[in-house]
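Below is one structure; the comments refer to it alone.
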Amino acid sequence: MKLAAAVMACAVSFAGTAMAQQGSPENVEVQAAAKEAGLEFKDSRYRNGDDQPTPVVTRISKVDWATWQGFRRYHDACHVCHGPNALGSTFAPSLADSLKTMDYETFYGTVVGGRVREAGGTTAVMPAFGDKNIMCYLDDIYTYIKARSLNAEGKGGMPPGPSEWS
Ligand code: HEC
């Protein structure tokens, strides 16, 4: 599936990308963890065998650049409804739980298309996000939430709170 961000001409220059690629001394731990997990660094982020954005979190909670960026962006645009640390609120689901089962394409489609659901007299509204401030960083946001969902599943991942970008 050709995804929107790829064709949206996101003029993103990742300050961290060059460093992540070139192997600055600071992120050797992240690089080693990525290698151990069999991930490939491609198009400015780590990816799994299906070419999908994938977080890297070391045992001492150092994360790759994309995951760290996603943490920031999530807490800018999504946390007001979905709660700090992707843990959910009284009116919007915990995305850390959602991504235990939701695939990348569904996540992407939900954010781009939005969703409205009538439930017992109340209307749940997930707004559609089309603007560049979100779209250009949606892979980062996905990566961060995926890191949180791995943690919710007890598979390591990213614990609550900010982690350090190595
Ligand atoms: C104005 C509040 C609001 C904001 C802001 C918001 N959401 Fe949502 N979102 C919701 C609600 C409410 C639902 C549940 C809709 C439903 O019940 O169908 C939802 C559902 C979702 C789902 C589907 C979850 C599932 O388990 O089916 C995803 C994925 C999602 N939001 C991602 C995001 C992302 C990423 C952001 C930030 C870019 C964001 N949302 C910002 C309110 C919001």
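According to a simple spin-label model (label point 7 Å from Cα along Cα-to-Cβ), what is the distance in nm between R72 and M102?
2.4
Once fully extended, how much extra length lies between K132 and F91, figured as 0.36 nm per residue of separation less the alpha-carbon to alpha-carbon distance?
On the way: separation 41, 0.36 × 41 = 14.76 nm, distance 2.57 nm.
So the extension gain works out to 12.2 nm.
Over segment 4-159, what percent of the accessible surface lies on carbon and sulfur atoms, probe 1.4 Å?
Summing carbon and sulfur atoms, their accessible area is 53 percent of the total for segment 4-159.
Can you tell me the FRET efficiency between N48 and T123 if r is taken as the Cβ-Cβ distance and R0 is 41 Å, rounded to the nearest 0.05?
Taking R0 as 41 Å, the efficiency between N48 and T123 is 0.70.
Quickly work out the I60-to-E164 label distance, labels modelled 7 Å from Cα along the C-beta direction, and quote it in nm with one decimal.
In this crude label model, E164 to I60 measures out at 0.6 nm.
Could you state the accessible area per residue of segment 4-159 in Å², with a 1.4 Å probe and every protein chain left in place?
Averaged over the residues of segment 4-159, the accessible area is 52 Å².
What is the spread of the Cα atoms of segment 4-159 along each of their three principal axes, largest first, in whole Å?
Principal-axis extents of the Cα atoms in segment 4-159, largest first: 55, 37, 26 Å.
Packing-wise, with mean Cβ within 10 Å as the measure, how do 86-96, 54-64 rank, highest first?
Put in order of decreasing packing, that is 54-64, 86-96.
The values are calculated or read from the model by the stated rules, or taken from the named source; none is laboratory data. Since we're looking at a predicted model, the values are computed, not measured. Cβ atoms come from the backbone with ideal geometry, glycine included; neighbour counts cover every protein chain shown. Ligands, DNA and RNA are stripped out before the accessible areas are found, and what is left, the full protein with its side chains, is counted by its heavy atoms. Shrake-Rupley method; radii C 1.70, N 1.55, O 1.52, S 1.80 Å.
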